[in-house]
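For reference, the structure is listed below as structure tokens.
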Amino acid sequence: MVKIKFCGAAGGDVTGSKHLIKTDSGEVLLDCGLAQGKRSESLEKNRNIPIDFEKLSAVILSHAHIDHTGAAPILVKNGFSGNIFLTPLTAELSRIMLLDSARLQYEDAKFYNKIHQEEGDKIEPLYDEDDAIKTTSLFNTRDRREFFSPIKGIQAGFLNAGHVLGSSSVLLEVEGERILYTGDIGRSNQIFLKSPELGKNIDWLITETTYGNREHGDIKDIENEFSNIINEVYNEGGKIIIPSFSLERTQEIIYIIDRLKSSKKIAEIPIYVDSPMSVRITDIFNKNLDELDFSNEFKKYAISDKDPFGYEYIHYLSSVEESKRLNDKKGPMIIISASGMCEGGRVLHHIRNAIDDDRNILLIVGYQAANTLGRRLKEGAKKVKIFGLSHDVNFRVKSIDFFSSHAGRSDLLSYVKGISPKKGVFLVHGEDDARTSFSELLKENGFKNIYLPKYCEEFNLK
């Protein structure tokens with residue numbers, strides 16, 4: 001018996017990746033991410049993970065983003081004590097991100113409950129720091145191309161996914177079936193990293209389709225568009241609030257700003273990175289500049305510049321007090337803060353502080369899942385709720401799509417062609433229009449047996 005059950009990032013969801021491989025010897029979970037989006041729906045999915053915890057033998061994590069790792073402490077809280085396999089860099093980054101996720105949930109719940117005390121409205125964190133620490137104690141690291149056996153009858157290995165530092169696709173050999181799970185795969189031409197690595201002799205491919213229905217802008221245009229926005233806000237004395245994922249996106253933004261500053265394309269504007277996790281992760285990037293994941297172009301710049309992440313002039317903030325003081329500072333300035341979809345963390349406070357002033361710009365630089373605050377703002381909402389309180393949207397909202405570390409439509413097609421799966425393709429981690437559009441493209445290119453799994457749907461692979 002070889003079955004797969006799609007327990008997250010299926011049925012049109014882009015977050016909460018969880019794909020369960022079921023065999024006679026046991027069950028292995030590919031990724032264990034937090035669902036994000038509409039609060040009631042995401043809480044339901046996060047609190048009621050459709051997995052029999054007693055049968056689960058092991059977890060394999062593709063990369064450190066919270067929508068792929070952030071529900072692992074929920075497993076542990078419910079009694080899971082098996083191995084969690086991941087690459088060394090993913091382990092280092094995940095230790096930071098899971099602890100931060102626990103703290104963020106605690107702080108957001110504390111603030112929400114405080115301002116809604118009279119109404120009796122209350123929320124609780126999904127897990128605490130102890131749960132996150134117990135989870136990281138189960139980490140079992142494996143280098144890329146080092147095959148290992150998570151359970152009897154399964155061989156597994158990691159291939160470079162080119163998405164974020166340490167990210168991997170997961171190759172499984174189960175009862176003669178070769179299964180490749182992409183995790184998230186990167187673009188062929190991106191800011192930091194090398195292109196994704198292709199698997200060979202694959203029977204079944206499970207691939208993300210975040211951008212299955214559209215392309216990204218030309219990466220060469222990033223500097224021009226970014227510098228125009230910065231100089232516009234500088235001249236108006238406003239603030240640029242950038243909600244940014246702490247892993248990869250924040251570092252990419254800093255790197256681009258560093259290039260613009262070095263070439264004197266932007267004014268001397270104060271820059272603040274207001275996210276303790278972003279600070280720690282940038283430190284990891286800085287001490288791993290010789291990492292094999294990085295492209296030769298980035299390595300050359302890092303060697304010549306010696307400070308690609310702007311430690312000499314960027315203000316990296318850690319304390320809550322420093323963060324609060326930013327609200328009293330007048331522009332111009334740039335504030336880069338988490339979370340990337342505006343669903344929690346310090347960026348919500350900066351948005352609340354800036355939303356009334358039309359001199360300010362909220363700059364969206366990453367994918368915004370359906371029903372998130374970031375998505376509503378990007379789509380032009382005139383009124384939004386933050387911590388349950390209503391706000392009129394007076395600041396301008398702009399988007400730069402060049403930064404995405406997900407493969408676009410043509411890159412996805414090239415990837416699937418390069419893999420050429422023999423038996424079938426499962427499309428996950430994409431909204432329904434993206435999956436449907438990409439499915440049609442695959443059919444036009446001669447692929448058969450393409451599946452768009454529903455939430456909790458199960459398939460026989462053998």
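What follows draws every value from the coordinates through simple rules; no lab data is involved. Treat the numbers as computed from the prediction; the structure is a model and nothing was measured. Glycine also receives a Cβ, built like all others from the backbone with ideal geometry; neighbour counts cover every protein chain displayed.
Would you tally the net charge around Glu444, using a Cβ to Cβ cut-off of less than 14 Å, leaving Glu444 out, and scoring K and R as +1, D and E as -1? Mind showing how you got there, number by number?
On the way: positive: Arg409, Lys417, Lys443, Lys448; negative: Glu440.
Result for the local shell: +3.
I need two numbers for the chain: Rg to one decimal and Dmax as a whole number, Cα atoms only, in Å.
For the chain, the Cα radius of gyration and maximum Cα-Cα distance read 21.5, 65 Å.
Let me check against my output: what whole-number percent is the relative contact order of segment 219-399, with C-alpha pairs under 8 Å and at least 6 apart?
On the way: 289 pairs, mean separation 56.5, N = 181.
Dividing the mean separation by the residue count of segment 219-399 yields 31 percent.
Let's see if you can work this out: charge +1 on each Lys and Arg Cβ, -1 on each Asp and Glu Cβ, no other charges. What is the dipole magnitude of segment 339-424 about its Cα centre, in debye to the nearest 20?
360 debye
State, as an integer percentage, the relative contact order of segment 202-311 based on alpha-carbon contacts under 8 Å between residues 6 or more apart. Present the calculation step by step, with values, prior to reporting the outcome.
Values: 45 pairs, mean separation 30.6, N = 110.
It comes to 28 percent, rounded to a whole number.
For segment 219-399, give the share of DSSP beta bridges that are antiparallel, in percent and rounded to the nearest 5; count only bridges with both residues there. Can you show the working numbers first?
Numbers: 4 of 22 bridges.
The antiparallel proportion sits near 20 percent.
Would you please state which residues of segment 246-283 a label at Asn235 would reach in this model, taking the label point 7 Å out along Cα→Cβ and a backbone N cut-off of under 17 Å?
265-269
Could you state the angle between the C-alpha long axis of helix 222-236 and the longest principal axis of the C-alpha atoms of the chain, as a value from 0 to 90 degrees rounded to the nearest 10?
It is inclined by approximately 30 degrees.
Please work out the Cα center distance from segment 245-300 to segment 1-63, rounded to the nearest Å.
32 Å
What Kirkwood hydrodynamic radius, in Å, does segment 219-399 give when the mean of 1/r is taken over all pairs of distinct Cα atoms and then inverted? Can you show the working numbers first?
On the way: mean 1/r = 0.0599 Å⁻¹.
By the Kirkwood definition, the hydrodynamic radius is 16.7 Å.
Under 26 Å Cα to Cα from Lys55, which lysines show up? Leave out anything in the same chain fewer than 8 places away.
Cα-Cα hits under 26 Å: Lys3, Lys5, Lys18, Lys22, Lys45, Lys77, Lys134, Lys152, Lys454, Lys462.
For Asn224 and Asp128 in one chain, what is 0.36 nm times their gap in residues minus the Cα-Cα distance, to one decimal in nm? Each step should come with its number before you reach the end.
On the way: separation 96, 0.36 × 96 = 34.56 nm, distance 4.28 nm.
Full-extension gain reported as 30.3 nm.
Label Lys152 and Lys299 with points 7 Å out from Cα along Cα→Cβ: what is the distance between them in nm?
4.4 nm
Treating cross-link reach as a plain straight distance, find the lysines whose alpha-carbon is under 16 Å from the alpha-carbon of Lys200, omitting any fewer than eight places away in the same chain.
Lys417, Lys422, Lys423
To the nearest 0.05, what FRET efficiency results for Ser188 and Lys382 with a Förster distance of 51 Å applied to their C-beta separation? Walk me through the numbers on the way to the answer.
Details: r = 38 Å, r/R0 = 0.75.
Using R0 = 51 Å, I get an efficiency of 0.85.
Enter the angle in degrees (range 0 to 90, nearest 10) between the Cα long axis of helix 276-287 and the first principal axis of the Cα atoms of the chain, meaning the one along which they spread out most.
Once rounded, the angle reads 70 degrees.
Need one number: nm distance between label points at Lys200 and Lys454, each 7 Å from Cα along Cα→Cβ, rounded to one decimal.
The answer from the label model is 4.0 nm.
If you take the beta carbon distance between Glu41 and Lys330 as r and set R0 to 60 Å, what does 1/(1 + (r/R0)^6) give as a FRET efficiency, to the nearest 0.05? Write down the numbers at each step before the final one.
Values: r = 39 Å, r/R0 = 0.66.
According to the calculation, E is roughly 0.95.
In sequence order, what are the phi-derived ³J(HN,Hα) couplings for segment 409-422 according to the Karplus relation 6.51 cos²θ - 1.76 cosθ + 1.60 with θ = phi - 60°, rounded to whole Hz, with x for glycine and proline?
For segment 409-422, the Karplus curve yields 3, 5, 5, 4, 4, 4, 5, 5, 4, x, 6, 6, x, 7 Hz.
What length, rounded to one decimal in nm, is gained on full extension from Ile115 through to Asp357, with 0.36 nm per residue of separation minus their alpha-carbon distance?
On the way: separation 242, 0.36 × 242 = 87.12 nm, distance 2.32 nm.
Full extension from Ile115 to Asp357 adds 84.8 nm.
Between Asp52 and Val279, what length comes free when the chain is fully extended (0.36 nm per residue of separation minus the Cα-Cα distance, one decimal in nm)?
Working: separation 227, 0.36 × 227 = 81.72 nm, distance 3.72 nm.
Stretched out fully, the Asp52 to Val279 stretch lengthens by 78.0 nm.
Rounded to the nearest 20 Debye, what is the dipole magnitude of segment 219-399 about its Cα centre when Lys and Arg each give +1 and Asp and Glu each give -1 at the C-beta? Before the final figure, lay out each step's value.
Values: 27 positive and 27 negative charges, 105 e Å.
Around 500 debye, computed over segment 219-399.
Among Ile303, Gly340, Ile256, which residue has its Cα furthest toward the positive end of the charge dipole of segment 219-399, with +1 on Lys/Arg Cβ and -1 on Asp/Glu Cβ?
Gly340
Explain nothing, just the number: relative contact order of the chain, from Cα pairs under 8 Å at least 6 residues apart, as a whole percent.
Working: 1016 pairs, mean separation 96.1, N = 462.
For the chain, the relative contact order is 21 percent.
Could you tell me what percent of the DSSP beta bridges with both partners in segment 168-215 are antiparallel, to the nearest 5? Write out the running numbers ahead of the final one.
Details: 5 of 8 bridges.
Looking only at bridges with both residues in segment 168-215, the antiparallel portion is about 60 percent.
If Rh is defined by the Kirkwood formula over all Cα pairs and Rg also comes from Cα, what ratio Rg/Rh do you get for segment 124-166?
My calculation puts Rg/Rh at 1.11.
Sum -39500 (n - 2.57) across every DSSP H segment of at least 4 residues in the chain, then divide by the residue count to get the 222 nm mean residue ellipticity, nearest 500. It would help to have the intermediate numbers written out before the result.
Values: 14 runs with 152 residues, N = 462.
Calculated at 222 nm, the ellipticity per residue is -10000 deg cm²/dmol.
Indicate, rounded to the nearest 5 percent, the antiparallel portion of the DSSP beta bridges found entirely in the chain. Kindly include the intermediate steps, with their values, before the conclusion.
Working: 32 of 70 bridges.
Taking every DSSP beta bridge with both residues in the chain, the antiparallel ones total about 45 percent.
How much FRET efficiency would the formula 1/(1 + (r/R0)^6) give for Glu444 and Asn394, where r is the Cβ-Cβ distance and R0 is 41 Å, rounded to 0.05? If you can, show how the numbers build up before the last one.
Values: r = 45 Å, r/R0 = 1.10.
Taking R0 as 41 Å, the efficiency between Glu444 and Asn394 is 0.35.
If you place +1 on the Cβ of every Lys and Arg and -1 on the Cβ of every Asp and Glu, how big does the dipole about the Cα centre of the chain come out, in debye to the nearest 20? Walk me through the numbers before you get to the answer.
Values: 61 positive and 68 negative charges, 90 e Å.
Roughly 440 debye, rounded to the nearest 20.
Taking the Cα atoms only, what angle lies between the long axis of helix 296-305 and the longest principal axis of the chain, rounded to 10 degrees?
Long axis of 296-305 versus the principal axis of the chain: about 30 degrees.
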